[in-house]
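Have a look at the structure below before the remarks.
The values are calculated or read from the model by the stated rules, or taken from the named source; none is laboratory data. Keep in mind that what you see is a predicted model, and the values were worked out from it rather than measured. Here Cβ is always computed from backbone atoms with ideal geometry, including for glycine, and neighbour counts include all displayed protein chains. Accessible surface areas use protein heavy atoms only, side chains included; no ligands, DNA or RNA. Shrake-Rupley method; radii C 1.70, N 1.55, O 1.52, S 1.80 Å.
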Amino acid sequence: MSVATAHDDHHDSHDHGPPKGWQRWVYSTNHKDIGTMYLFFALFMLFFGGAMAMYIRAELFMPGVQLANPDFYNNMVTDHALVMVFGMVMPAAAGMANWMIPLMIGAPDMALPRLNNLSFWLLPAAAIMLILSILAPYLFPGTGGPVNTGWTLLPPLSIQNGIGMDFTIFAIHMLGISSILASINIVTTILNMRAPTMTMMKMPLFVWAWFFTALLLIAVMPVLAGAVTMLLFDRHFGTSFFDAAGGGDPILFQHLFWFFGHPEVYVLLLPSIGVLGLVIPTFARKPLFGYKALVYGMGVLAVLGMVVWAHHQYTIGMSLWATNYFMIGTILISIPVGLMLMNFIFTMWRGSMTFETPMLFGIAIILMFSFAGVTGVMLAVVPADMQYHDTMFVVAHFHYALIPGAVFGLYAGVFYWLPKWTGHMYDERLGKIFFWWTTISFNITFFPQHFSGLAGMPRRIVDYSIQYTEFNVISSIGGFLFGLSHLLFLYIIIQTIRGGQKAPDKPWEGSQIGTPGLEWTLPSPPPFHSFTQAPVVK
Amino acid sequence: MTMTDSTSSHACRTFEVRPNRSLSPTGMLIFFLVVTVLSLVVALRFLLLGVWLVLPFTLLELLVLGVSLYLFERHSRYSETLRICPDDILFIARRGVKILQECRFQTHWVSIVLQLDQQSWYPSRLLLQSHGKSIEIGACLTDEDRKAFAATIQATLEECRRMS
């Protein structure tokens, strides 16, 4: 007698297959499907938040109020930040985590697939809430003006805002729940579902990066949830946590917000550092220099990131002791960041480098993020920060940190894994055009803002003095070009999904050098259920 | 996703299948305690400052984390034992010490069916069938392991049939 082998053509006859059509996506528990949904959601939000940025740059093109009233401008500034941070960068990084972590560690799926589904589907609901917060003044006339506090939601303005603020608070709650559930899932997966012999110190850097990111989110998200709930109580239930008139302290909210907000910066940065840890060795064709140092560096970065929040608040009048502590702590962060950047440079040193699109983004990240690091040290120094606080210099600094540090890292990841995800190679020529277009236009947009900021131009104000006009004209032209470049990005993605040159299992020559993970043992695209062959870790 | 094979007596062979877990229950407990202590330090510090609403959210989050880890640990206690003897085959599925399913087949009449999906979209299924009764085994194995497992069972069955 031999083993009978039956080919099952009727998937629905047993419980392994997902439902067909829309149900496949709504009820999905498959990590790749959910990862894809996260990525498309982030892409949508990129254009949504990007449209707000275009409005902001159009308004600032010339001095004077051009397009709408100042409240609407401030509403756009607020929602641009919320959409980009919570709606774009975090979901895009979570999408990559969903797609790649199980493949890299040799797990068949995420540890808690149904929770994974819930984590994703909270996002569209939160996005609807955010959109309602923008529309609230028009949908519910007489309930107050638009949310105009900036993403920091500072009281007393946030207590006085209209009903749109309530929608914003609920949106933040949902986004927070989604992040926490995703983090719990990722941590559980990484700890429990690694293939035999895939020890922690054999994990690809991207997995480590997400491990620390998830821990950071677990640590700080309840603080944000508590803070915005207290805000809600102050608005509707007669409490005075942050209301000075009732004995409350508005500065307390700043501490709560930035206790969440500063680690959030590392939540946005770490996944991109993880991507960089794969891309640089792949295209330098050399193993990652100082893998362990990078892992420990990320750990130190995560810990330091949690204890230096008040460098955002030097001007509120803290004690000398507290100010010194936060200044020294903030400057110390340059040590692990510098170590990481030096490790990437040493990885490239005497490597057999080629310059495909992901590598170009990788090099751009190292150069431009270093620049953000330098302006970051300037801002960390108290007397200097007193001058720069709330100027366009700060806007330039954090855009240099977050666009190269987080967004370019995501672009590098998209181009690096697009062949694996879709089974097709993207058009390298278009990829390179996109790189140069975004990099040049990004610098045209944000570099002049250092000068306008140093000259004293305040941020979050719709109008400005006439002497800043030239800087703003250059910045707006760069902004429009930067926005336009993303249509090419969209075109490249659609083109790659629809077809093109077939991608091999290892689309990059140095794939296995870059990621000693298990994703390259699978075909491109991977089958619906991963690992038809037993994963082997070398 | 681990499979162990032992010869339990001269004529019988026993296979044990259990899901792969890279962290021990003790490790999981230590991880949970570390996260709990760190989160509670933050929440209690804020509580002392009068920000009491951070604590309920922290506790809620720790509850979800704890339940998730517990459910995962509970699932990892699942195991399948397959004992093949010349006369009969005994299959027992357990969670910890609790027996979830126990089946007995006659060695001569049992057949092994490996259902494959043509597009490789879905995992294969390994079935033991006899007299209209069918049970799935090795669902927590990878496809490659499952194929190897099927081949090993078949070889063992043939050997047992020759002995009887």
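For region A:225-236, the candidate set comprises residues that are within 9 Å of another protein chain (Cβ to nearest Cβ) and open to solvent by less than 10 Å² (accessible area, probe 1.4 Å); within that set, the residue that is farthest from A:PRO155 (Cα to Cα) is A:GLY226.
Residues in region B:63-72 that are open to solvent by 10 Å² or more (accessible area, probe 1.4 Å), facing chain A (nearest Cβ under 9 Å) and either closer than 30 Å to B:CYS160 by Cα or over 20 Å from the mean Cα position of the chain (by Cα) (or both): B:VAL64 only. Taking first residues from region A:391-415 that are in contact (Cβ under 8 Å) with a residue 60 or more places away in the chain and partners that are outside any helix (DSSP H, G or I) and charged (D, E, K, R), the Cβ contacts under 8 Å between residues at least 6 apart in sequence or on separate chains come to A:THR391/A:ARG459; A:MET392/A:ARG459; A:VAL394/A:ARG459; A:VAL395/A:ARG459.
The set of residues in region A:42-72 being under 23 Å from A:PRO448 (Cβ atoms) and either part of a loop (DSSP other than H, G, I, E, B) or modelled with pLDDT under 95 (or both) consists of A:LEU60, A:PHE61, A:MET62, A:PRO63, A:GLY64, A:VAL65, A:GLN66, A:LEU67, A:PRO70. Among residues of region A:51-78 that are farther than 16 Å from A:MET457 by Cα and open to solvent by 30 Å² or more (accessible area, probe 1.4 Å), those with a Cβ under 6 angstrom from a residue that is in a helix (DSSP H, G or I) and charged (D, E, K, R), sequence gap 6+ or separate chain, pair up as A:GLN66/A:GLU59; A:LEU67/A:GLU59.
If you go through region B:148-164 and keep only what is open to solvent by less than 10 Å² (accessible area, probe 1.4 Å) and within 11 Å of chain A (Cβ to nearest Cβ), you end up with B:PHE149, B:ALA150, B:ILE153, B:LEU157.
Where residues in region B:126-147 are at the interface with another protein chain (Cβ under 8 Å from one of its Cβ atoms) and surrounded by fewer than 21 Cβ atoms within 10 Å (Cβ to Cβ), which of them is modelled with the lowest pLDDT?
Kept after step one, since they are at the interface with another protein chain (Cβ under 8 Å from one of its Cβ atoms), are these residues of region B:126-147: B:142-145.
Applying the additional criterion that residues be surrounded by fewer than 21 Cβ atoms within 10 Å (Cβ to Cβ) yields B:144-145.
On the way: B:GLU144: 77, B:ASP145: 81.
Restricting to residues being at the interface with another protein chain (Cβ under 8 Å from one of its Cβ atoms) and surrounded by fewer than 21 Cβ atoms within 10 Å (Cβ to Cβ), the top hit is B:GLU144.
Scan region B:1-18 residue by residue and report those that are open to solvent by less than 40 Å² (accessible area, probe 1.4 Å) and modelled with pLDDT under 85. It would help to see each step written out before you state the result.
Here is the first cut: in region B:1-18, the residues open to solvent by less than 40 Å² (accessible area, probe 1.4 Å) are B:1, B:11-12, B:14-15, B:17.
Scanning region B:1-18 gives B:MET1, B:ALA11.
Is one or more of the residues making up region A:201-214 of a type in the set (Ser, Thr, Tyr), touching a Gly at 6+ places or on another chain (Cβ under 9 Å) and surrounded by 19 or more Cβ atoms within 10 Å (Cβ to Cβ)? Checking region A:201-214: at least one residue is of a type in the set (Ser, Thr, Tyr), touching a Gly at 6+ places or on another chain (Cβ under 9 Å) and surrounded by 19 or more Cβ atoms within 10 Å (Cβ to Cβ). Taking the listed residues A:ILE474, A:ILE433, A:ILE444, the one that is surrounded by fewer than 20 Cβ atoms within 10 Å (Cβ to Cβ) and either in contact with a Gly (Cβ under 6 Å, 6 or more places away or on another chain) or at pLDDT below 95 (or both) is A:ILE444, with no other qualifying. Taken over region A:116-159, the criterion of being in a helix (DSSP H, G or I), over 21 Å from the mean Cα position of the chain (by Cα) and not β-branched (Val, Ile, Thr) is satisfied by A:LEU132, A:SER133, A:LEU135, A:ALA136, A:PRO137, A:TYR138, A:LEU139, A:LEU157, A:SER158. Looking across region A:156-174 at every residue that is within 14 Å of another protein chain (Cβ to nearest Cβ) and touching a helix residue (DSSP H, G or I) at 6+ places or on another chain (Cβ under 6 Å), the one that is most open to solvent (accessible area, probe 1.4 Å) is identified as A:MET174.
Scanning region A:244-259 finds one or more residues that are out of contact with any Pro (no Cβ under 9 Å at 6 or more places or on another chain), open to solvent by 20 Å² or more (accessible area, probe 1.4 Å), at the interface with another protein chain (Cβ under 10 Å from one of its Cβ atoms) and not in a helix (DSSP H, G or I).
Being of a type outside the set (Lys, Arg) and open to solvent by 40 Å² or more (accessible area, probe 1.4 Å) holds for only one residue in A:SER272, A:SER319, and it is A:SER319. A:LEU153 satisfies every condition listed in (1) out of contact with any Pro (no Cβ under 9 Å at 6 or more places or on another chain); (2) open to solvent by 20 Å² or more (accessible area, probe 1.4 Å) except (2). For region B:73-102, a residue qualifies if it is within 14 Å of another protein chain (Cβ to nearest Cβ) and without any contact (Cβ under 8 Å) to a residue 24 or more places away in the chain, and the qualifying residues are B:ARG74, B:ARG77.
Can you name every residue in region B:103-125 that is of a type in the set (Phe, Trp, Tyr) and either surrounded by 21 or more Cβ atoms within 10 Å (Cβ to Cβ) or free of Cβ contacts under 8 Å to residues at least 24 places away in the same chain (or both)?
Let us first name the residues in region B:103-125 that are of a type in the set (Phe, Trp, Tyr), namely B:105, B:109, B:121-122.
B:TRP109, B:TRP121, B:TYR122 - these are the residues of region B:103-125 that are of a type in the set (Phe, Trp, Tyr) and either surrounded by 21 or more Cβ atoms within 10 Å (Cβ to Cβ) or free of Cβ contacts under 8 Å to residues at least 24 places away in the same chain (or both).
With respect to A:HIS262, determine if the residue is without any contact (Cβ under 8 Å) to a residue 60 or more places away in the chain, within 18 Å of the chain's Cα centre (by Cα), under 22 Å from B:LEU38 (Cβ atoms) and surrounded by 19 or more Cβ atoms within 10 Å (Cβ to Cβ). It is true that A:HIS262 is without any contact (Cβ under 8 Å) to a residue 60 or more places away in the chain, within 18 Å of the chain's Cα centre (by Cα), under 22 Å from B:LEU38 (Cβ atoms) and surrounded by 19 or more Cβ atoms within 10 Å (Cβ to Cβ).
Search region B:25-48 for residues being of a type in the set (Ser, Thr, Tyr) and more than 10 Å from chain A (Cβ to nearest Cβ), and hand back the single one that is farthest from A:GLY106 (Cα to Cα).
Within region B:25-48, the first condition is being of a type in the set (Ser, Thr, Tyr), and the residues that meet it are B:26, B:36, B:39.
Remaining after also requiring more than 10 Å from chain A (Cβ to nearest Cβ): B:26, B:36.
Details: B:THR26: 23, B:THR36: 28 Å.
Step by step, filter region B:25-48, then rank; the result is B:THR36.
Just one of the numbered conditions (1) modelled with pLDDT under 90; (2) within 23 Å of B:TYR70 (Cβ to Cβ); (3) not small (Gly, Ala, Ser) is not true of B:LEU33: (1).
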